[in-house]
Each structure stands twice: as C-alpha cells, then as structure tokens.
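Each remark here refers to the structure printed beneath this line.
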Amino acid sequence: SMSSDDSKDSSSSSTSSSSASADSGTAKDTSNLKVGLVAVNLNSPSIAAIKDAFVKSAEAKGWSVDVFDGQGDQNATNNAADDFISRGYDVIVNNSSPNEQMTGVMEKAHAAGIPFVSIYGGYVDGVDAEIGTNEFVNASLITQEMVNRLGGKGRVLKLNWTVLQALRDRDAGFHAVMSENPGIDVVKEIEVKVPGQVDDSYNQITNVLQSDKDIDAIWIGWDELAPSAVRAIQEAGLADKTFVMGFDGNSFAWDLIRDGSPYVMEPANPFPPMGEKAVQAVETLAGGGTLPSKVIYMKPCLMTIDTVPAKGEQPDWDTCAFFPGEIS
Amino acid sequence: MTSTASVSEPQVAGPRRQTSASDRLIDVASRYGTIVSLVVCVLIFSALRPDVFATTQNFLNILNQVSILGIIALGLTVALVQGLFDLSLASMATLGGFMVTKWLAEGTISSPVLAVVLMLLVALVIGCLNGIVVAYGGVSAFIATLAVGSILTGVVLGISKSATILSGIPDGFLVMGQGKVGPVPAPVVFLAIVAVLLYVFLEQTQVGRHMYAIGGNAETARLSGIAVKRYALIALGISAMCAALGGMIVAANLGVGRPQGVGDTYLLDSFAAAFIGASTLRPGRFHIIGTVIGVLLIGVINNGLSIMGVETFWQYAVRGMILLLAVFGASFLVARRR
Amino acid sequence: MTSTASVSEPQVAGPRRQTSASDRLIDVASRYGTIVSLVVCVLIFSALRPDVFATTQNFLNILNQVSILGIIALGLTVALVQGLFDLSLASMATLGGFMVTKWLAEGTISSPVLAVVLMLLVALVIGCLNGIVVAYGGVSAFIATLAVGSILTGVVLGISKSATILSGIPDGFLVMGQGKVGPVPAPVVFLAIVAVLLYVFLEQTQVGRHMYAIGGNAETARLSGIAVKRYALIALGISAMCAALGGMIVAANLGVGRPQGVGDTYLLDSFAAAFIGASTLRPGRFHIIGTVIGVLLIGVINNGLSIMGVETFWQYAVRGMILLLAVFGASFLVARRR
Amino acid sequence: MTNTVEPGREVASRPGTLLQVKGAVKDYPGQRALDHMDFDLRVGEVHALLGENGAGKSTLIKAVSGVISLTSGTVEMDGVEVDVRNPQRAQGLGVSVVHQHGNLVADLSVTENVLMVDGLGRRAGVLVDWKGAHRRVRDLLDRVGLGGLDPRREVSTLGAHESAMVAVAKALASNARVIILDEPTTALQPAEVDTLFGQMRRLAAEGIGFVFVTHRLGEVFKVCDRITVMRDGRLVGTWQSDELDHDSLVDQLVGPEKSIAQDAFVGGSTPGDVVLEVRDLTGDVLRGLSFEARSGEVVGVASLPGEGAGEVVESLYGMCRASGEIVIEGRRRRIRSPEQAVAAGIGLVPRDRLAQGLVADMSVRENATLASTRSFVSDPVLRLMRRGRERIRVGEVMDRLNLKASSLEAEVRTLSGGNQQKVVIGRWLLRRSKVYLLDSPTAAVDVHTKAEIYALARQLADDGAAVIFTSTELEEFARVCDRVLVLHDGMVAGELSGDDNTVNSIMRLSFGRKSD
Ligand SMILES: Nc1ncnc2c1ncn2[C@@H]1O[C@H](COP(=O)(O)OP(=O)(O)OP(=O)(O)O)[C@@H](O)[C@H]1O
Ligand SMILES: Nc1ncnc2c1ncn2[C@@H]1O[C@H](COP(=O)(O)OP(=O)(O)OP(=O)(O)O)[C@@H](O)[C@H]1O
Ligand SMILES: [Mg+2]
Ligand SMILES: [Mg+2]
C-alpha cells in the first residue's frame, strides 16, 4: 500500500489528479450514488465549509448525500458511519474525524465493499482516499518564515494543544525548525487548557508578558487563539514589537491580519476545495477506478496582510501563493 | 388499655372513598408523561421516515448510540439516589479508556479481560476516595467530585503527555466496542447487563434499600442503625466504575486511547437522563428504569433529528424543546395536584 | 394540667451552657477555612515568586482574570440561594456576547449602551421563561435550564451560521472589556458593581430575604404568604442577566463575538465558586461574600500556578488538590461537630 | 354525632360571625379529607377544633388560609363569600395561621421569621429597616413571654419550646382578625401554655377570633368558648364548652364504636432481670447519672427542658458525647453512634417523627424493616431482600399494633400521625430490641392513639423489654411509668413510684425541691 512518502508527489500534482478516473477499466455507473457523510462536529466553521462544498458538488452530480453530525461525540459518529454501511450506502465519507479513531468503521466498510473516503482526517492504513494537508510540512514552512522575519534571532512563546493529531504534527514542524535555529530562544511552551482555550490562552499570555516583555513572537497552534494573543499583546503595550502567527483559515483570523494587528500570518487550509476534491475521489472509487495516490494533499494559501482577501471573500485556492517566496 | 385489642377492623383498610376520574388521569399523566413523549417521538419519526427510522437495524443503532451514555447515566443514578452529584465521571471515563489502552498497547498487561477488570478496580478505589472525602470530610459531593475530576484530568494528561494511543491495542479489547452478539452490538450488551445489575442492586438488595432510605431521609436512616457514611463510598464507587466502563467502551469502539475529552461529552447528558428518569413512574425519585427511559428519549431525539437531516442548530433547539415538553407534561400535572 | 400556672421561672433562652474553647475553635476554623486557604495560597505564591506574583499589577491582573467568572458566579449564587441550578448560563453567556457584537457590527443598533441594555433585557426575559417553566411547570430547574440552554445553543448557531464576528465592533463597546478606570480594568469595575448590588439585594432587601426564606423552606415560605413562584422568575432572571453581562464582557475584552463555547468555560467553575462560598463564613448557605471568596480562590490558584510555570497537567492536578484541601479543612470540622 | 345544631347562647357583645365554612369538600387522590364540613367562628371567641389524627382539622385550616383549594364548598368572611385562592389573599382578609408543620425557617433569624408574613419594613424605599424590625419583634416576643430572646438569633439555635412561642409571635405579628393555631402547644411547657392562653384571652377580648387545635383535652376546657368536633372529614357537632365534660368530649371524638379504657395503667408485672444499667453518665448537663431498668419496667425520665432528660436519651443512643458506662444484659457496651446503640439492642422512637423517625416516601413495609433488613436477606453475599417474608413479618407486627393503612405498600407519609408512630415502634419490634427509648412518643397524637401507645409501652415491657419514657405532658408519667426518675441540674433529684408518682411531685423535684 501507499506510504505517506508518496504523498509529497501527490501534493504537487494534486491539481491534475482529477483525470485519474479515466484509466479505470471496469467503470460502474456513478450517476446516482448514495453517500453517507459523517462529521464529528458541524459547529466548526471549517468542518461545515467542507461539508457544504462536498454536498453542493455531489448534488450537482445527482447524488444523494445524508449527513450525520456527531456534535462532538466521536463514538456516535462512528456508530452513524456503521449504520450507513449496514443500510447499504455506496460510499462513506469522513469529514474531519481523525481516521485513526475510525479504523473499526473502515474494516466494516471494506467487508461490505464500500469505499471509505476521508477529508482532513489524517492518513492511516485502510483509508481509500485521504484529502488533506500535510501539517508537518506546512508548519515547518511557516515556522521558517517566522524565523526569517525574526532574522534568525529572537525569543518565542509557543501555545498549543497537543492532544489533537493535526496539532501534534504542527508541533513537530515547529520543533524541527527550532532545532536548526539555535538563535531562536523558545521562552516557554504552553499547553493550553481545553475546553476554555480562548480564555486560558489570554490569561497565560498575559501572565507571561507581565514579567517578561522581551518576547518577539508568539506561535499558536490554531487561529482560534489569535484574538486572545493579540489582545494580550496590545494590553501589554507590545503591539509594535511582538507578532503572532498561527494556522487554519478562519475568517475572523483573516480580519485580524487585514486590520494590521499583531496577528500577521497563517497558512489557510483550502477547506472548500477539499470537499470538491473528495467528490472527484468518490466518483473515481465508486466507478471502480483507482487513484494514483491514496493521499491527496492540498496546498494551503499563505495569508499575510498582502495576500489576505477582501472581507467576505475567499482566496483563489488554485493560484494563491503558499511559500512566502512565491509572493513577490 | 386492653380494649384496643378488641377493635377488629380489617387491618388493611382501603382508601376511604373513590378517587375521582380526573385525579387518576393526572396521576397517570404525571407518571407516564416521559414514556408517552418517548412513544410519541418514535411514532412521529417513524411516520416521517418509515424506511429509515422504523427499522430493527435503526433501533439497534439507537441502542448502540446511547449505550455509553446509558452506562454512565445508570452509574450516576446510584449516586443521585443518595443526592450525590458526581462530576468526576467525565474525567473518570477518560481515565478508564486511556489507561486500559495504554496498559494493553505497552504490554504492561497482556490480557484485555485482566486490564478491564483492573481498571474497574482502580475506578472503584477512586470512587471510594470521592466517597471518603464526601462522607468523612463532610465536603459536598458537588465540589469534591469536581476537584477530584480536575486531579484525574491532570493525571491522564501527565501520564499520556497529551498523546493519543493509536496502535498496539489488541483485538480482544476492541471487541468490547466493536463486537456483536448475534445482531446486537457489544456496547448494547454491556448496557443491558449494567441496567439489570443495577436494577437488581437498587431495588432488590439490602444495600440498595438502605441507599433509598438514606436518600429519603439520612437522619432516619442513621437513627435506624444504618452506617450511613459507608454508603457514599459504595455509591460513588459504583458511579466511578460505570464511568470507567463507559470510557473503556468508547476506547474499544474507536480503537484509540484518548487522553482528554472522552467523558465530557456525556457529562451533562447523563445528568439530563437521570433527571428525566426522576420525573418518570416515581416522580421525585431517581431510579434505574427512569434513567433508561431518559437515555432512550435522548437517543431517539438525537437519532431521529439527525436521520431527518435537520440542520445542526435546529437539532439543538428542537432537542431542548422536546426535553422541555417531555418533562413539562409530567410535572405540570403533578404541580396542579395539590 | 392545672397546676402549671404557678410556674414562673424565666424562660430558658440562649445556648444551654458555655461553649467550650475547642467548640469555638472548630467553629472559627469551619467558617474561615476557605479564607485561610486563600491567604495561604497568596502567601505561598508570593514567597515563591515575589517579583511577579506579589505585585499590584498582578493582583489587578488576577481580579481582571476572575471578573467574568465572578459576575457569572454571583448571578448563579442568587439562583442557588433558592436551590435552583441554572445550567443555561453557559449558553446565555454565549448568546449575550454574540448578539451584542452582531447587532453592533451589522449596525442593527448603533449605540453600544443601548445594545447592552437591550441584551440584558432579553436575558431577563429568557431567565424569566426559565423561571416560569420551573415555577409553574413544576420542572426541576436542572433539567429545565439544561433544555433551555440547548435551545439557546441552537439559536446562536443558527443565527451565526457558526461564524465568529471580529470586525465592525465599535470601540464604545470594546471599552467595556478593555477600558480602565484609573488603574482598574473595566471588567473588575463591573464585578465590583455586581457584587455590591447583589450583596445589598440578597442581604438588605425584602425580596432577598424572602429568597433565603424560600431556600430555607419553600413550603413554610408559601404558607407564610410569600408568592414563592414569582421568586424563581426573579432569581433565574438575575442569573441570566449576569451570565449575559459576563458574555458581553468576554466579547468586549477580546473584541470577538463567538457563537459557541464562550459560556461553557465558566459553567463548572461558577458552580465551584458558589459551592466553595457555601462552605465559607455561613456553612451550608450560598451567599455573595462566600462566592466572591470562591472566585478569588480559583483565580489565585490559576494565576499562581501559571506564573510559577507549572506544567499544564500539574495545574489541573494541583488545582484539584488545593480546592479539596480548602473545602475539606472547613467541612471536616463542621462534620465532626455534631 | 347527633346534634349539629348548637343551642344558641348569643352574647350581645359578640354577635358577628367572623368566618363561616359551608359544605367544604376536599378530595385527595384516594381519599376525601373533608366531607361537607361546616364550621363557623364568631368575633371574640376561642373555638376549639378537635378530632382524631387524620380527621381533617389541618385540611380545613389550610382551605381557610388559602394553602389548598376546596373541591367544593364555600368560605365566607363577615357573611360575604370570599375566594381564598392563596395565602396572600387569606392574609389580606385578616387570617393568620400557625400551621402544624413547617412554620419557621430554621436558617433565618427570629425577626425574619416573625415578620415573614407582615414584611420587615423598609428604610429609604428599598433597604430593610433592621432596627425597626428588631424593635417590633422584641415587643411581640415580650407579649408571648420571650422577653429576653435576642431577635437576631437563628431559629435553628432555639429550643423546641422557644420555637413554638416564636411561631405564635409570628401569628400575632399581623393585624389579623382570625388567628388559627394548629397544635401550637405540642412542644410547649406548661408555663408557656399558660402564657399563650393569657395572650389569647386578651386578644379575644379585643374581638379577635381564635381557632385552636389541640390533642390535649385539658387545654380545651381551660381556654375555649366553643368546641367543634370532626371525624373522618365530617362535622360531628359544635358545642358551648360548658355543655361537655372530658368524658363526653372523648366519646364524641372517638365515635361510638371505639371506647377507651379510662385507667390505662394497671400496674406492671413484677420486674424481671436488669436489662439496662447506666453508671456515672456524664455529659454536657449530666453529672454522673446512674440508674438501671429491668425487664418489664417502664421507667420515666423527667426534667425541665435542658436539665438532662433529653441528654439521657441522646447519650444512650450515641447521638451525643457522654462518658460513663452502659451495660445491657450484663454486657458492657460502647455506644458512640446510633449504629452501635442499635447493635446493642436499643431502639429509639424519636420525638420528631417526620425528621427522625420516618422516610416519608417509602412504604410502611420498608420503613418497618429499616433496622432489621439483615434478617430478611436471602444470603450473606447477594443480600437480596425477601419481600414475601418482609410482608408476612411486617403484617404480623402491624396487626399486633393495630395499624391502619391502606396497605403495607402505602407510602408512610399518607398515614395519620398515630399510625406513623406505630410504624416506628414496629421497626423496633421487628428488630427485637431489648431497650426502648420512647422520646415523647405521644406528641401530636390523638386521644385514642395516645391510649394505644400507652398500652404499647406497657406491652413492650411485659414482653420482656426495658422501656425508657419521656414526655412533655407530665400526667403521662403517672399513666405509663412504673417509676419516674426526676432530674435536676444533671443529677437525680428523686425517684417516684406508686402513689408518689404525681404531676405535682414530678414538678417539685424538677425544680430542685425535695418532695415532701
Ligand atoms: N397532601 C395530601 N395528600 C393526600 N392525603 C392527604 C394530604 N394531606 C392530608 N391528607 C389526608 O387527609 C386526611 C386529613 O388530614 P389532616 O392533616 O387534615 O388531619 P388532622 O385532623 O390535621 O390530623 P392530625 O391531628 O394528625 O394533625 C388524612 O387522612 C390525611 O392522610
Ligand atoms: N415542668 C416540668 N417538670 C419536670 N419535667 C418536665 C417539665 N416539663 C418537661 N419536662 C420533661 O422534660 C423532658 C423533655 O424536655 P426537653 O427535651 O425539652 O429537654 P431536654 O431534652 O433535656 O433538652 P435538650 O433536648 O435541649 O437536651 C421530658 O422528659 C419531660 O417530661
Ligand atoms: Mg393536623
Ligand atoms: Mg431535647
């Protein structure tokens, strides 16, 4: 089976992978598929964006999609997927649940001959297609950009919640870059308390900045913490000195970047295109075809004050720059 | 003073006179309100989606969906019988799921059965510690279990270094969450066993009888020679064991040991189920059958609404309204009764 | 029974005899246990990090950090005085923060003051609805507010489409969370105002005293002609208003209107604070000063541990242990007293 | 139950009918508590409302004071029909009540309790005027003979008798025209009863009408102008109090089919072996008390409140700390908790039935077997309760106690007071206790049941147990006890038996005077 090494290739070639279905010999009819999509929590705007894009694109093909929202309960989400399988759906789509927590579902799907397609679930054996991003690579690149902005020297505060796998990958990227940049002093690595992350991050950063004003940058694991970090910096009177960077691509984070706040950049994950890409993968698999790679890594867009789209708009996911070097 | 012996009325004199029909209606409505709501919900969902909702498969699915909530809520019911709020059950569930997978994955313990039993014992000990703090320290259960819950959260995060256990979990353990007995998923089997055991325990045993007595009037129980304090240990021990069992089934179902957030999902819902139960059949008292009905009501609402494809925000709103109606129907009539 | 008329001794009043010194010590310890714990925590943290912890700046910082929890917990205290668990305060806080920022960002209402007042009124109405369900529907507050909380969650999610509001919020509103009065942050000012108002309300007004009467014995209060039901509306109305105010200050402080999770952060902690308070000064009763001490204790522990740079998992664990000790110290002695 | 018409003896100065209830019916699920009851109260009279436990007295009072609504029937004030839908309305009409249960909130101060109905009074529009409130309450306390009591004290720190008087003060606080007292004297000492009666007469002279409920018939003739007797929710009759004497009143109360042996105590069988031996009991009040009780004996323990009788019960039952030796059937027992007391063979019938004796919403059967569950378990491991056996044994015991309940599965709260008391006694019969502590077992119990309880106390002793008995009604000692220990200042002031066992001598000793 494919190892994750293949993924690097696919990420660069992902824009052209949609033609893969052509080579399938035993094409089945894919005109009215019945898709069961399970999401662990549709309250999250990114998960909801993936779902919306998937459903829209699937319905355009004449498929029917049934959506289950686990409302935070992974166990219920898995059971719902099992239920879809036993009710004879043609495809199971996992929207954003960690795939490692769905291996039982995959086994049942395979036993029933049903493809298991995952969006942003992290690749594990048993997934027929994973449409996602490489968080380790993205984190390494953006952290390097932070180092560059600091000119290789500075003091950095890090906040993360390493319970989630995607956030652990980003953490690994951070440490990989740090190990090569001895000039950067990691003042403190704070494990944020979840739930209560927004308030906790605000309090913890405030507590640090109270006694240590010499912080050049704050690295946060995901952009939900951005307003807290920005506010704590402003309150400490460090808005001109300390900057913040994070991840994900929530619109309120773009607002912060656009406003010229201390939150200066993040890689924004292409959630809506992931939904569309997943529909293509489903079509291929359900038609009896094979994908060139089981892992389809999508390229994020770098968001800075220069690249952030106007309010209410999306970046051009296909052509946007990822590497800072691509901007100029 | 001897003359009273001659009074020879039949000892058991029935109610003095007939109850009015409306009285009886109110009585029935207050006892069966939540059950009626449950049935109505099932009927409505069945009518709207007969092909999907009203299938054996889906009913098994509903049971499967609620099994973990059910196991946790049933344990909580034992604690609530004595008026003890157990808020540590969320982190107890997380601890249970995590520790077992850790032991098994790292080979500390190779037998899944042994690991599960050991974890249940650990939970029992922690629950008893809760009980000691409550009974002998005189701390209200609410704050004691909240504090212990915080400690447990810290312990799991410390032991795990926040990392989820992904691989090395033997199939013999996973079967606890993913296996089936005939058409019946394993978690449902566990739910049934826990429900029957705790029903017998609370309704049919001496200890259960004493627990209800303590819940009804602790002072009377104490003056009747019951060692009241000991029962807080038993109750919170059972509650902790059920929470740990629930957490282990989650871990077995997902095939991973998560270090955080497993139990929190079930915390408020398990209280909701028990409180719904306390307005069923025996208004004002927590009991196993009531909790089972509360759990089913929550399960049917969640399943029905999601099968109908109702938008998430509507699911929250409608769920709240149905809950309100279910309990309202019962209590409104009780209140009018005086 | 005729001969008794001659008995003319003075009525035996007052405690039977002198309290022993140890009795008095126990009494003092049980009343002041949590306060002592608070002082001890402050002293220890000050000794360990005098430069950082024991500064005016940091004490203001602690107050600022607990102000929102404090406002919510104080409102909850009013409900708890009557034994009403208000679980809707989490989503009430979320609703409060989100709606106001939405109105202001979209220009529905341009005056921040007007928006805040309007939101408080909306909260009052929702709280009163809670109260109506509880008082007139006879539903237990626990389940009623849980259900209403679910409805509110759904409403905010529906209105917001899960999107957070960040831009377009006027400074006039932000000042509520970010402004200062002299060196004192605005949230602390709000906390102080709420604490004083509710203290006077509960201790010095007829309505407040009636609430304590109802909390002490609702049936007696009813027989005494207090319109008991009405007070559930008032209490849950106040609780909802405080929750909404807390939510608005959160929004103003960070400058974002979040559609979920704002209030949940404070739910258990506000109960914890109130329960700690109920083991302070007047054991067994909820009161404003007690809750303030509970809030401060939580705030000092969180701040101190974070300043000491203790690892997060230790923070959870140590916090749990300190809470346990603080309340244990008090209650242990009370329990021994009988 | 013959004459419902009372021969008019109208006094010119008090002509008006203040309150009138006509055809009152109240149905509870399974039971009709009031059955076409009629009642009237005149200006300036004290009107006794009597009946056995469960006759419907409290129900009638609740209907008049807006606590419950009648199924049918009317209430008139000053001849005008009124709708008393809630307690507030009743107060508006000038009706003030001391309810039988739950009159005070233990957590609150005396002032707050006394002024709960009337309001504390305000200063500057909003804030409570505490000074004024305390002043008003001090005046009221003065009037009920509690002049020295600090109105700021919490009610939970008061003695039972003080609470009772505070409850009366609460009723007097509002400017009521009708004051209803539902068993106000249950916890009162004789002197306090007299104080209360003095107040009632004074206020009656001012034109206030009193409804007075009691089970102590002596009180009725002392203070009441008229007497209404009810039975099974129905009116038996209304009389001027001088038309009845004690015996004819008892006949009306209990009805034709029951009769009460007037002389309950026929002297016990000769006492057997010593069952209980107490040596050198020392506690808060007790100063080295020693006594013994033999099988077949009913031993009374009397003292003024707070002078030791209560502490004897509490320390024998492990409810308070006391030193000394307790020997039961020759074995020295360490009793530090009720659990150990029960294990030693002691059973307590507590004074406060509802708070300490019963689990109100459990069944008769479950309440009865609460102390003896161990003898009903299937096996030592699973310990399943054998309900069939429970039912049989409880049935036997309750037969013996002559219990009246709709069934053994009825919730015990639906029973009348006397029958509830029998359930508690039955609990210790099932446990086969050797020593019974009967702590005011006849409080709030009707004449008929009282007689039954006296007989039971005797019977327990005759069956071989030792019975320790206390009461707030001193003449009960003479009716039940073989001998009475009178305590004064924590020590035995004297022991009375036979002809010496009289109310007067008990009282004299308890005040520390030697009996003549
Ligand atoms: N809430 C209730 N529900 C059902 N039955 C009730 C209720 N309250 C009273 N009863 C019944 O109504 C009858 C009359 O009760 P009530 O309290 O009026 O008696 P009472 O004359 O005051 O007796 P006591 O002398 O013991 O106080 C009793 O049989 C009682 O069991
Ligand atoms: N005037 C009196 N003379 C003698 N004994 C009395 C008198 N009045 C009451 N008693 C006795 O007092 C005892 C109960 O009184 P009470 O319970 O109020 O006091 P106590 O129990 O000693 O006080 P405490 O419960 O506070 O310790 C009974 O045994 C009763 O017979
Ligand atoms: Mg009565
Ligand atoms: Mg006493």
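The values are calculated or read from the model by the stated rules, or taken from the named source; none is laboratory data. As the structure is a prediction and not an experimental result, all values here were calculated from the model. Note that we place each Cβ from the backbone using ideal geometry, even for glycine, and neighbour counts take in every protein chain shown.
Could you tell me which residue of the range A:276-319 is surrounded by the fewest Cβ atoms within 10 Å (Cβ to Cβ), considering only residues that are touching a strand residue (DSSP E or B) at 6+ places or on another chain (Cβ under 7 Å) and assigned to a helix (DSSP H, G or I)? Within the range A:276-319, the match that is surrounded by the fewest Cβ atoms within 10 Å (Cβ to Cβ) is A:286. Just one of the numbered conditions (1) outside any strand (DSSP E or B); (2) more than 8 Å from ligand 2 (Cβ to nearest atom); (3) buried (at least 22 other Cβ atoms within 10 Å of the Cβ) is not true of residue D:270: (3).
If you scan the range D:402-417, which residues turn out to be more than 9 Å from chain B (Cβ to nearest Cβ) and surrounded by 23 or more Cβ atoms within 10 Å (Cβ to Cβ)? Answer for the range D:402-417, where residues must be more than 9 Å from chain B (Cβ to nearest Cβ) and surrounded by 23 or more Cβ atoms within 10 Å (Cβ to Cβ): D:412, D:415. The condition of being at pLDDT 90 or above, more than 16 Å from ligand 3 (Cβ to nearest atom) and touching a Lys or Arg at 6+ places or on another chain (Cβ under 8 Å) holds for only one of D:105, D:117, D:110, D:137, that being D:110.
Residue by residue, here is whether (1) in contact with a Lys or Arg (Cβ under 7 Å, 6 or more places away or on another chain); (2) within 16 Å of ligand 3 (Cβ to nearest atom); (3) facing another protein chain (nearest Cβ under 10 Å) holds:
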residue	(1), (2), (3)
D:183	no, yes, no
D:204	no, no, no
D:208	yes, no, no
D:211	no, yes, no
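The C-beta contact set for the range C:133-156 (first residue facing chain B (nearest Cβ under 7 Å), second residue surrounded by fewer than 24 Cβ atoms within 10 Å (Cβ to Cβ) and part of a loop (DSSP other than H, G, I, E, B), distance under 6 angstrom, 6+ apart or interchain) comprises C:142/C:85.
Of D:168, D:144, which residue is surrounded by 22 or more Cβ atoms within 10 Å (Cβ to Cβ) and away from chain C (no Cβ under 11 Å)?
D:168
Looking across the range B:157-185 at every residue that is polar (S, T, N, Q) and crowded, with 18+ Cβ neighbours inside 10 Å, the one that is farthest from the other protein chains (Cβ to nearest Cβ) is identified as B:160.
Residues that are surrounded by 22 or more Cβ atoms within 10 Å (Cβ to Cβ) and within 11 Å of chain B (Cβ to nearest Cβ): does the range D:332-339 have at least one? Scanning the range D:332-339 turns up at least one residue that is surrounded by 22 or more Cβ atoms within 10 Å (Cβ to Cβ) and within 11 Å of chain B (Cβ to nearest Cβ). So, in the range B:146-183, of the ones that are of a type in the set (S, T, N, Q) and not in a helix (DSSP H, G or I), which residue ends up nearest to residue B:296 (Cα to Cα)? Looking at the filtered set, the residue picked out is B:164. Taken over the range C:101-136, the criterion of being of a type in the set (Val, Ile, Thr) and touching a Gly at 6+ places or on another chain (Cβ under 6 Å) is satisfied by C:101 alone.
Could you tell me whether residue C:245 is in contact (Cβ under 8 Å) with a residue 24 or more places away in the chain, of a type outside the set (Gly, Ala, Ser) and over 20 Å from residue C:286 (Cα atoms)?
Yes: the conditions hold for residue C:245.
Can you pull out the residues in the range A:34-66 that are farther than 23 Å from residue A:109 by Cβ, within 12 Å of chain B (Cβ to nearest Cβ) and either buried (at least 24 other Cβ atoms within 10 Å of the Cβ) or free of Cβ contacts under 8 Å to residues at least 12 places away in the same chain (or both)? Across the range A:34-66, the qualifying residue is only A:48. Taking each residue of the range D:48-76 that is within 12 Å of chain C (Cβ to nearest Cβ) and in contact (Cβ under 8 Å) with a residue 60 or more places away in the chain and looking for partners that are more than 8 Å from ligand 1 (Cβ to nearest atom) and small (Gly, Ala, Ser) with beta-carbon atoms closer than 7 Å, six or more apart or interchain, yields D:65/D:90.
For residue D:88, the conditions (1) assigned to a loop (DSSP other than H, G, I, E, B); (2) facing chain C (nearest Cβ under 10 Å) all hold with the exception of (1).
Of everything in the range A:248-271 that is away from chain C (no Cβ under 13 Å) and closer than 10 Å to residue A:303 by Cβ, the residue that is farthest from the chain's Cα centre (by Cα) is A:264. Go through (1) aliphatic (A, V, I, L, M); (2) surrounded by fewer than 21 Cβ atoms within 10 Å (Cβ to Cβ); (3) away from ligand 1 (no atom under 16 Å from the Cβ) one by one and return the number of the condition residue D:354 breaks. Here residue D:354 clears every test but (3).
When C:304, C:294 are screened for being buried (at least 23 other Cβ atoms within 10 Å of the Cβ) and facing chain B (nearest Cβ under 10 Å), only C:294 passes. Filter the range D:33-72 down to the residues that are part of a strand (DSSP E or B) and near ligand 1 (Cβ under 8 Å from one of its atoms), then identify the one that is modelled with the highest pLDDT. Ranking the candidates gives D:34 first. For the range D:311-325, the criterion of being away from ligand 1 (no atom under 16 Å from the Cβ) and in contact with a Cys (Cβ under 8 Å, 6 or more places away or on another chain) is met by at least one residue. Give the residues of the range D:456-478 that are over 18 Å from the mean Cα position of the chain (by Cα), away from ligand 4 (no atom under 16 Å from the Cβ) and either surrounded by fewer than 24 Cβ atoms within 10 Å (Cβ to Cβ) or more than 9 Å from every other protein chain (Cβ to nearest Cβ) (or both), sorted by residue number. Correct list: D:459, D:460, D:461, D:462, D:463, D:464, D:465, D:466, D:467, D:478. Against the criterion of being more than 16 Å from ligand 3 (Cβ to nearest atom), in contact with a Gly (Cβ under 6 Å, 6 or more places away or on another chain) and more than 9 Å from chain C (Cβ to nearest Cβ), residue D:44 qualifies.
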